[in-house]
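The values are calculated or read from the model by the stated rules, or taken from the named source; none is laboratory data. What you see is a predicted model; the values in this text were computed from it and never measured. Methodologically, a virtual Cβ is constructed for each residue, glycine included, from the backbone with ideal geometry; neighbour enumeration extends over all protein chains shown. Note: accessible area is taken over every heavy atom of the protein model, side chains too, but ligands, DNA and RNA are not part of it. Shrake-Rupley method; radii C 1.70, N 1.55, O 1.52, S 1.80 Å.
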Amino acid sequence: GIPRTGGVFLHNLFCQSPDINCIRYHEALFPVVPGEIEFSLVDSESDPRVVQTKGGLKLLHWLRPLYQHMYELGPLVPFEEHQLGSYVFASTLYQDLYVNMTIYNEWWDRTDHVPMYEFIRRCLQVFQWQGTPSTNRKAATWLLKSPQNAEQMNAIWKVFPGAQFILTLRDILVAVKSHLNLVAYTGGTMNDDIDVHKLAQFWLKKIHTSLKQMESSMIEIPPENVHHIKFETMVQNATTALRKILGYGVDSRNDPLKAFNFSNDEQPIYKDETLFEYSLEPFNITEEEVSAIYRHYSQKGSP
């Protein structure tokens, strides 16, 4: 789904299953295990990738102390594959970090990104071949998560035929408020001066384009391969949401949640955003303007 619609929460839930492979943050930053390290030390405190990742996060949280409350990060925390795409210069990560990247975004929108997903597939093959002491990389299922995937479903389908897509849905106004404040705050780590109004106009257009491309992509993907899940459903009952996505009833004897590292008595709880009160005022736009831009999708029940 588009940014800030609960994808991180759902991604982290799925990654608790030993039957699902997920990319961890330090792997996304450093995909190849150093040749000099013993296999038993991979992913441990002695893994130089973990050490460097911790150092980078310490700097990031010093520069932007509120970021850790906006987005959960850690060396072994599941992460998005758009970091891998950045190694072939094809990733929305650039748009997130370097604000007002209009020229790059124009290139992104007109480019076929099948080669990027082919590179990501090769990285997944490397991960699976390398293996780790702490994960079951023999599991057949890989879970990818990134907002850019919603607009690239056709490219993903060509590289990963038969893939299952989960689209997270949330009130568009709430999602936009949250995302604009996030990119404006984190963008300061890479930019000396940010025109927040220009930033808002860029992302309002970018998100609208993403929704339009997502809508057109779903036409070519078999309906049984596309699953929608509402943010409110995840927040109210995460295990019910998982069962719904996996296609099992609550009373199924073959309960898929048995494979997860939590029980029905240990209900996963969504960490809400009550720490922040997101506003559009700094961006010089109104809620009415935002709602008007996305009226088509709101009326259709899209995010």
* Asked: Considering the stretch 236-250 alone, what residues qualify as being assigned to a helix (DSSP H, G or I) and open to solvent by 40 Å² or more (accessible area, probe 1.4 Å)?
  -> GLN236, THR240, LYS244, LEU246
* To do: Report whether or not THR233 is more than 30 Å from GLU281 (Cβ to Cβ), outside any strand (DSSP E or B), open to solvent by 10 Å² or more (accessible area, probe 1.4 Å) and polar (S, T, N, Q).
  => yes
* To do: Answer yes if at least one residue in the stretch 127-134 is under 30 Å from PHE39 (Cα atoms), open to solvent by 40 Å² or more (accessible area, probe 1.4 Å) and part of a loop (DSSP other than H, G, I, E, B), and no otherwise.
  => yes
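So that you can scan it fast, the table gives a plain yes or no per residue for (1) at pLDDT below 95; (2) within 19 Å of the chain's Cα centre (by Cα); (3) among the aliphatic types (A, V, I, L, M); (4) closer than 22 Å to ILE166 by Cβ:
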site	(1), (2), (3), (4)
SER44	yes, no, no, no
LEU63	yes, no, yes, no
GLN128	yes, no, no, yes
THR135	yes, no, no, yes
TRP142	yes, yes, no, yes
PRO147	yes, yes, no, yes
ALA150	yes, yes, yes, yes
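To keep it simple, each residue is scored yes or no on (1) at pLDDT below 65; (2) more than 22 Å from ALA163 (Cα to Cα).
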| residue | (1), (2) |
| --- | --- |
| LEU211 | no, no |
| VAL250 | yes, yes |
| ASN264 | yes, yes |
| TYR278 | no, yes |
| PHE283 | no, yes |
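Okay, residues lined up against (1) touching a strand residue (DSSP E or B) at 6+ places or on another chain (Cβ under 8 Å); (2) exposed (fewer than 15 other Cβ atoms within 10 Å of the Cβ); (3) farther than 21 Å from GLU277 by Cα:
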position	(1), (2), (3)
LEU182	no, no, no
TYR185	no, no, no
ASP192	no, yes, yes
VAL196	no, no, no
PHE202	no, no, yes
LYS212	no, yes, yes
GLU215	no, no, yes
HIS228	yes, no, yes
* Just for helices (runs of 4 or more DSSP H) wholly inside the stretch 1-69: which have at least 1 residues that are loosely packed, with under 14 Cβ neighbours inside 10 Å? -> 48-63
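Regarding GLY85, is this residue open to solvent by less than 20 Å² (accessible area, probe 1.4 Å) and part of a loop (DSSP other than H, G, I, E, B)? Walk me through how you get there before you give the answer.
Details: open to solvent by less than 20 Å² (accessible area, probe 1.4 Å): yes; part of a loop (DSSP other than H, G, I, E, B): no.
Considered against the rule, which asks whether it is open to solvent by less than 20 Å² (accessible area, probe 1.4 Å) and part of a loop (DSSP other than H, G, I, E, B), GLY85 comes out as no.
Could you pull out the residue among ILE120, ILE166 that is under 23 Å from GLU72 (Cβ atoms), without any contact (Cβ under 8 Å) to a residue 60 or more places away in the chain and not hydroxyl-bearing (Ser, Thr, Tyr)?
On the way: ILE166 fails: without any contact (Cβ under 8 Å) to a residue 60 or more places away in the chain.
Answer to the selection: ILE120.
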